[in-house]
1. Only one of these conditions is not met by VAL213: (1) out of contact with any Pro (no Cβ under 9 Å at 6 or more places or on another chain); (2) surrounded by fewer than 21 Cβ atoms within 10 Å (Cβ to Cβ); (3) in contact (Cβ under 8 Å) with a residue 40 or more places away in the chain; (4) outside any strand (DSSP E or B). Which number is it?
2. So, ARG28, is that one modelled with pLDDT under 95, over 20 Å from the mean Cα position of the chain (by Cα) and either surrounded by 13 or more Cβ atoms within 10 Å (Cβ to Cβ) or not small (Gly, Ala, Ser) (or both) or not?
3. Taking interchain pairs and intrachain pairs at least six residues apart, which have beta carbon atoms under 9 angstrom, with the first residue in the range 2-15 and over 14 Å from PRO265 (Cα atoms) and the second open to solvent by 20 Å² or more (accessible area, probe 1.4 Å) and assigned to a helix (DSSP H, G or I)?
4. Taking the condition of being at pLDDT below 95 and over 22 Å from LEU241 (Cβ atoms), how many residues in the range 158-189 meet it?
5. Among residues belonging to the range 245-264 that are in contact with a Pro (Cβ under 7 Å, 6 or more places away or on another chain) and either part of a loop (DSSP other than H, G, I, E, B) or among the hydrophobic types (A, V, I, L, M, F, W, C) (or both), point out the one that is farthest from GLN191 (Cα to Cα).
6. Looking at the range 79-99 only, could you name the residues that are among the basic types (Lys, Arg) and over 16 Å from VAL255 (Cβ atoms)?
7. Is it true that LEU127 is more than 18 Å from the chain's Cα centre (by Cα), under 21 Å from VAL194 (Cβ atoms) and either outside any loop (DSSP other than H, G, I, E, B) or without any contact (Cβ under 8 Å) to a residue 40 or more places away in the chain (or both)?
8. Please enumerate the residues belonging to the range 63-86 that are surrounded by 13 or more Cβ atoms within 10 Å (Cβ to Cβ) and either among the basic types (Lys, Arg) or farther than 19 Å from HIS197 by Cβ (or both).
Amino acid sequence: MSYADQVFISVCRDILAEGFWDTDLPVRPRWTDGTPAHTVKKFGVVNRYDLREEFPIMTLRPTAFRSCVDELLWIWQKKSNRIADLRSHIWDAWADEEGTIGRAYGYQLGVRHQYGDGWFDQVDRVLKDLRENPASRRMVTSLFNHHDLHRMGLYPCAWSMTFNVTGNTLNAVLNQRSQDMLTASNWNVCQYAVLLHMMARSTGLEAGELVHVIADCHIYDRHVPLVEEIIRREPRPAPRLVIDPDVTDFYGFTVDSFRLEGYEPWAFGERIEVAV
């Protein structure tokens, strides 16, 4: 059975049984009818996924894998903040009149910074160090730039990656300040698992362990019945990730470079309302 399913079930059961409800607190998110969107949460959740064992996609409900990869490439490869560069409409609610999400996500990765040996953006700096200085403990990217927060449509949720090489294995820690378990939990895991594979393939390494650290891991009040339904299901086998063997350049990957073999998730037709 899919390990990602097991993690999801365990975390959700823990949140529902032992979590803290913020119903007595003022909250920023609202439902479409204007009602405050409250949550039940756990603090400091840590999940580990070994990408050598399986690709961490859930089967308890479908994860839109191609859209997931498309957004990852939009952020990390195109380094874009323009919603027109994205095939899906997941960012439309946060776009400004110019069609951007402000100085958020891809914008931050595309800004060049001066290092001791030249000017690089964050992605190219990590790629350079992975190739030339894999023993480095300084391979960190951050999207949470305090100088630009007031110019972002939404503060970054998955905001930091730390890369680390052990032998010929590339591992990484993904830090996330806030995690909506129903709508985005597996989405983020799949994205950064693909990113780890891309980084490894581009630098002659093997993708190893992805450690996901979540500060505020929560379930929204209106999502509780849906979550309870999903975690009663029996997990199915994890699919196999297939990557185009001809692509070895980080900037050469496309959505079509990745496919899943044997992905047969449970059907899920219920509409999921998103708090904004």
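The values are calculated or read from the model by the stated rules, or taken from the named source; none is laboratory data. Everything numeric in this text was worked out from a predicted model, so none of it was measured. When we count neighbours, we look across all protein chains shown, and the Cβ atoms used for this are built from the backbone with ideal geometry, even at glycine. Calculation scope for accessible area: heavy atoms of the full protein, side chains included, ligands and nucleic acids excluded. Shrake-Rupley method; radii C 1.70, N 1.55, O 1.52, S 1.80 Å.
1. Every listed condition holds for VAL213 apart from (4).
2. Details: modelled with pLDDT under 95: yes; over 20 Å from the mean Cα position of the chain (by Cα): yes; either surrounded by 13 or more Cβ atoms within 10 Å (Cβ to Cβ) or not small (Gly, Ala, Ser) (or both): yes.
So ARG28 fits the description; yes.
3. Between residues of the range 2-15 that are over 14 Å from PRO265 (Cα atoms) and residues that are open to solvent by 20 Å² or more (accessible area, probe 1.4 Å) and assigned to a helix (DSSP H, G or I), the close pairs are CYS12/GLU228.
4. Here the count works out to 1.
5. Residues of the range 245-264 in contact with a Pro (Cβ under 7 Å, 6 or more places away or on another chain): 260-263.
With either part of a loop (DSSP other than H, G, I, E, B) or among the hydrophobic types (A, V, I, L, M, F, W, C) (or both) added as a condition, the list becomes 260, 262-263.
Working: LEU260: 13, GLY262: 19, TYR263: 16 Å.
Ranking the candidates gives GLY262 first.
6. First, pick out the residues of the range 79-99 that are among the basic types (Lys, Arg): 79, 82, 87.
Passing the criteria: LYS79, ARG82.
7. Details: more than 18 Å from the chain's Cα centre (by Cα): yes; under 21 Å from VAL194 (Cβ atoms): yes; either outside any loop (DSSP other than H, G, I, E, B) or without any contact (Cβ under 8 Å) to a residue 40 or more places away in the chain (or both): yes.
Yes, satisfied.
8. Of all residues in the range 63-86, those surrounded by 13 or more Cβ atoms within 10 Å (Cβ to Cβ) come to 63-83, 85-86.
Residues satisfying the conditions are ARG66, LYS78, LYS79, SER80, ASN81, ARG82, ILE83, ASP85, LEU86.
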